[in-house]
There are 2 protein chains.
Amino acid sequence: MSTAKDRPAAHTRRLLVDEAARVLAEEGPAALSARRLVKAVGASTMAVYTHFGSMPGLVREVMREGIARFEGRVAEVAAGDDPVRELVELCRVYQEFARAEPEVYAVMFGGSGTAGFELTEDDRGMGVRLLRYPRNAIRRCAAAGRFRPDTDADLLVRQLFVQMHGLAQLAHAGYIIGVYGPDDVLAGTLRDFAVAAGDDPERAAASVRSGLAG
Amino acid sequence: MSTAKDRPAAHTRRLLVDEAARVLAEEGPAALSARRLVKAVGASTMAVYTHFGSMPGLVREVMREGIARFEGRVAEVAAGDDPVRELVELCRVYQEFARAEPEVYAVMFGGSGTAGFELTEDDRGMGVRLLRYPRNAIRRCAAAGRFRPDTDADLLVRQLFVQMHGLAQLAHAGYIIGVYGPDDVLAGTLRDFAVAAGDDPERAAASVRSGLAG
DNA sequence: TTATAGGTATAACGCTGTTATGACGCCGTT
DNA sequence: AACGGCGTCATAACAGCGTTATACCTATAA
C-alpha cells in the first residue's frame, strides 16, 4: 500500500488540489469529500488539515488556481486595431472558461457554497482585479471614438460583468433554452452593449461577429 | 413534551416548510438540517420523508412557494401609459425580491446546491413562465413605438433575464462594490437596454428614473 | 368488527468534517 | 555526534448529517 510517507511532503498537497479539481469538474461539488480525496492520493484525513486547514481551505486553493488560469487566458487576448472586437473577445474567453470549468467558476463568483466554502474579501479582490482587462478595453473603445467620449468605464465594466456572469450562470443552470441559446444571447447582449455605449450599430455588429468567431 | 401526534397531520407539513424557509432566510443553506427542523417543530426525522420524500424535496417545496410569492409581486405591477416604465418596474420588483430573499432566490435559479437540491425540468419551467411578464412589456414597448418595430421580444427578454440575474447574484456575493453599487448598475443597465432597443435616450432615462422610484 | 392506509417514534446504518493523540523523520543547533 | 523542535503522518474517535427498516397507533372503510 502506497502512503503519503513514501513521497516528499509538498507532493501530497499538489495531488490533493489536483484530485479535488478533477472531482469537482467531473462529478460536481456534492462528490467532494475529504475521505474520498485522501483515499485517492493515499493519505489520511489529516493531510487536508495540515495542508489546508479545512475542506473549505482546500476548495479555496482550487479556486485560486482557477482564477490564475482564468487570468492567463484573459491576458492572452491581443490588442489590435479594433478595441470593440477586443472587448468581445474578452467576453468570449469569459464564457468559454465558465463553460469549460463551471464548478470552479461557480466557486469563484459565489454561486456555490461548495463544502461550506465562503468568499473572503481577498477572494473577491482577486476577482475584481480581472475587471481591469475589460475596463481598459472599454477605455480604448472611447479613445478610438467608437464609444461616446464621456464613457464611464467604471460603470460600464460593472454592467458588462453583470451580463457575463448572468449568462454564464443561467446557461449552466439550463435556463437559456428554446428559440435562442447562450450564444445568441451573448451576441445580442454584446451588440446592444456597444450600441448603447455609442458605437455605430453596423460596426458594432461586425466587431461582435469577428470577435466571437475567434 | 409536544409531539407531532398532538396535531392534525397537515399541520406538521406546514410547520416544516415555514421553519425551513425561516432558517434558510436567517442562517443560510448550511444551517438547514432535517434533525434541526423536526426538533424545532416537535416531530421526528420521518416527518421529512413522509411529507417530502427527502431533504431536497423539502427545499423544492420552499422554492415553489418562493416562486409563487415572486409571481404574486410581479403580477401586481400595473400597466400604465409608459410600457418602458412598466418594464423597469418589473426589474425593480425582481431585484427587490432577490434582495429580500436571497437564499430562496438562489435555489430558484440554480445558484445554490442547498442540501443536495437540483433543479428539475418542471422547476425551470416555472421559472421560465415568469418571463412572460417582461416579454409582454417588451412587446408593448415596441407597439407603442418606443422600441424598434422589428424588436425580437424572445431574444430581448433573455438578455434582460441574464442582466437581472447577474446583478442579483453578484450583488449578493458582494462583487458590486466601489464607486458604483447595485442600484447604479441597475439604472445604467436598464437605460442602456432601452436605448439599444431603440428608445430615445432622454425618454429612456426618464422612464428608468420614474420606474425605479416606485 | 376487522382490514387498510397513513402518520409517527425509535433506533440504526454509513457517511460527513473535524480533532486529539502519538509516532516518525528531517534539519539546524549545541 | 547528540539534541530539540517542527512539520507531516496514521490512527481512532466524536458529533452531526441524510436516510431507512421497523413497529405502533389511529382513523377510516368494508
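Its DSSP H runs of at least 4 residues, each contributing -39,500 (n - 2.57), put the calculated 222 nm mean residue ellipticity of chain A at -22500 deg cm²/dmol, to the nearest 500.
Separation of the range B:1-53 and the range A:151-204, taken as the distance between their Cα centroids, equals 42 angstrom. In chain B, the longest principal axis of the Cα atoms and the axis of helix B:182-196 are about 50 degrees apart. The phi torsions of the range A:124-129, fed into the Karplus equation with coefficients 6.51, -1.76 and 1.60 and a -60° offset, translate into couplings of 4, x, 5, x, 4, 4 Hz, rounded to whole numbers, with Gly and Pro shown as x.
Computed from phi, the 3J(HN,Hα) profile of the range A:148-162 under the Karplus parametrisation 6.51, -1.76, 1.60 (θ = phi - 60°) reads 4, x, 8, 3, 9, 4, 5, 6, 5, 5, 5, 4, 5, 4, 4 Hz, with x in place of Gly and Pro.
Using only Cα atoms, find the angle between the long axis of helix B:83-100 and the longest principal axis of chain B, and express it within 0 to 90 degrees, rounded to the nearest 10. Around 30 degrees separate the two axes. As a calculated quantity, the FRET efficiency between B:S44 and B:D154 at R0 = 41 Å, using C-beta atoms, amounts to about 0.25. Net charge in the neighbourhood of A:R129 (other residues with Cβ under 13 Å of its Cβ; Lys, Arg +1, Asp, Glu -1) is 0.
For B:T189, A:T120, A:T12, the sequence from fewest to most other C-beta atoms within 10 Å is A:T120, A:T12, B:T189. As a proxy for reagent exposure, ranking A:M126, B:M55, B:M46, A:M108 by other Cβ atoms within 10 Å from fewest up yields B:M46, A:M126, B:M55, A:M108.
Fewest-first ordering of A:D6, B:D192, B:D18 by other beta carbons within 10 Å of each residue's beta carbon gives A:D6, B:D18, B:D192.
Principal-axis analysis of the Cα atoms of chain A puts helix A:132-143 at an angle of about 10° to the longest axis. Sequentially through the range A:172-177, phi angles give Karplus couplings (6.51, -1.76, 1.60; θ = phi - 60°) of 5, 7, x, 8, 9, 9 Hz, Gly and Pro residues having no value and appearing as x.
Throughout, read-outs are computed from the coordinates displayed, never taken from laboratory work. It should be emphasised that the depicted structure is a prediction, and the values quoted were computed from it without experimental measurement. Ideal geometry is used to build each Cβ from the backbone, glycine not excepted, and the neighbour counts take in all protein chains shown.
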